[in-house]
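Everything below concerns the one structure shown next.
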Amino acid sequence: MLTIGVDIGGTKVAAGVVDDDGVIVEQTLRPTDAEHPDLVAETVAACVRELGAGREIEAVGIGAAGFVDESRSVVRFAPNLAWREEPLQKRISGLVGLPVVVENDANAMAWGEFRYGAGRGQSHIVCLTIGTGIGGGIVLDGALYRGRWGMGAELGHTQMVPGGRLCGCGLHGCWEQYASGNALVVEAREIAAAHPERAEILLGLAGGKIDGEEVTEAARRGDDASLSAFAVLADGLGQGMADLAAVLDPGCFILGGGVSRAADLFVDRARKAFEERLTGRGHRPVAEVRLAELGPSAGLVGAADLARRR
Ligand SMILES: [Zn+2]
């Protein structure tokens, strides 16, 4: 049975036809304008029509970066898109004439990894998508955990530092302000500003504008400030995973997202920090910390599979 998975980002829509084995048969990518919900819907519909031509498609699954309601049809709010109480399911279904399921993008990624990636064979996983922020997805006892109103697993917005950095969600001190791609850059900039002598390689590379790629490259070349920024990221991740393990006791954590491409610079330290901060340490099995396997397609594949199981 073929379904179409769609991943809606801030600037583009990625879609793919996915088979029962989680294999992407064909995919497409179109730019979109996140400021205009009707244009986003038109772009999604165009992708579905293109991919569906000459094929029998059963349903469409959409991964969307926002708070999706419990009926998996309305995006209540999206921090980076213009959606407010957006009836996405109805709108897309009306345009393409197929059943549509809407899911939070990080949940869709977690489901993709659980079914076909690093979470295969596991029953309890926590998936962390480390990009600009931290997206969270939880699978418990083989089922996606969505909470009472579909708002569960917003793991990046648990508080790590009381009164800390302002988050895009409006709160202060959220975990994702200390353990994400943004956090990495903020940390490196702060160290470079206070101690430029520790950031000579970074400042040389960046030429005034420090972003994630420069911090990564500078860390690989031994830049002290950049390595310190990665250490802060690793320790923040480890602390957060230990907190989650205290609540959820998962069998494994899966780390994905753009920042995980630089995993060699932080994952060992994050694993160590996690184990050191784990409650009941020494008297319990320790969850594995694995890297995601499906890359940027995890959300699309997961959404397609959720549509199949609607
Ligand atoms: Zn937040």
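Between the range 294-308 and the range 96-113, what is the C-alpha centre distance in whole Å? Centre-to-centre distance over Cα atoms comes out at 7 Å. Remark on the range 206-310: Rg and Dmax equal 16.4, 50 Å (Cα only).
Here the range 1-141 exposes an accessible surface that is 49 percent carbon and sulfur, computed with a 1.4 Å probe and the other protein chains kept in place. Modelled this way, with points 7 Å down the Cα-to-C-beta line, the labels at Arg76 and Trp149 are 0.3 nm from one another.
The packing ranking of peptides 15-23, 131-139, highest mean first, is 131-139, 15-23, where packing means the average number of other beta carbon atoms within 10 angstrom of each residue.
Our compactness index for the range 57-197, the C-alpha radius of gyration over the empirical 2.2 N^0.38 Å, is 1.20.
Across the accessible surface of the range 151-235, with the other protein chains kept in place and a 1.4 Å probe, carbon and sulfur atoms take up 54 percent. Using only the C-alpha atoms, the convex hull of the range 12-84 corresponds to 100 Å³ per residue. Which parts of the range 84-122 would a label at Val25 reach, counting a residue when its backbone N lies under 19 Å from a point 7 Å out along Cα-to-Cβ? Taking a point 7 Å out along Cα→Cβ of Val25, the residues of the range 84-122 whose backbone N falls under 19 Å are 96-101, 116. Just need log10 I(q)/I(0) for the range 124-176 at q = 0.21, 0.26, 0.30 Å⁻¹, Debye formula, equal scatterers on the alpha-carbon atoms, no solvent, rounded to two decimals. Summing over Cα pairs of the range 124-176 leads to -0.78, -0.99, -1.11. The mean accessible area for residues of the range 135-276, using a 1.4 Å probe and ignoring ligands and nucleic acids, is 45 Å² per residue.
Once you reduce the range 36-79 and the range 231-259 to the center of their Cα atoms, the two points are 30 Å from each other. Solvent exposure of the range 10-71, expressed per residue, is 45 Å² of accessible area, with all protein chains present and a 1.4 angstrom probe.
The value of relative contact order for the range 237-310, using C-alpha pairs under 8 Å at least six residues apart, is 46 percent.
Under a Gaussian network description of the chain, with springs only between Cα atoms under 10 Å, the residue in Gly142, Gly256, Gly170 that fluctuates furthest is Gly170. For the range 1-128, the relative contact order is 22 percent, taking Cα pairs closer than 8 Å that sit 6 or more residues apart in sequence and dividing their mean separation by the residue count.
Of all lysines in the structure, those lying under 24 Å Cα to Cα from Lys90, and not within fewer than 8 positions of it along the same chain, are Lys12. Subtracting the Cα-Cα distance of Arg221 and Ser123 from 0.36 nm times their residue separation leaves 31.3 nm of extension gain. When the alpha carbon coordinates of the chain are projected onto the principal axes, the ranges are 60, 49, 34 Å, largest first.
Note: relative contact order over the chain, using C-alpha pairs below 8 Å and six or more positions apart, is 21 percent.
The values are calculated or read from the model by the stated rules, or taken from the named source; none is laboratory data. Just so we're clear, the structure is a prediction, and the values are computed from it rather than from any experiment. All Cβ positions, even for glycine, are placed from backbone atoms using ideal geometry, and neighbour counts span all protein chains on display. In case anyone asks, the SASA skips ligands and DNA or RNA and just uses the protein heavy atoms, side chains included. Shrake-Rupley method; radii C 1.70, N 1.55, O 1.52, S 1.80 Å.
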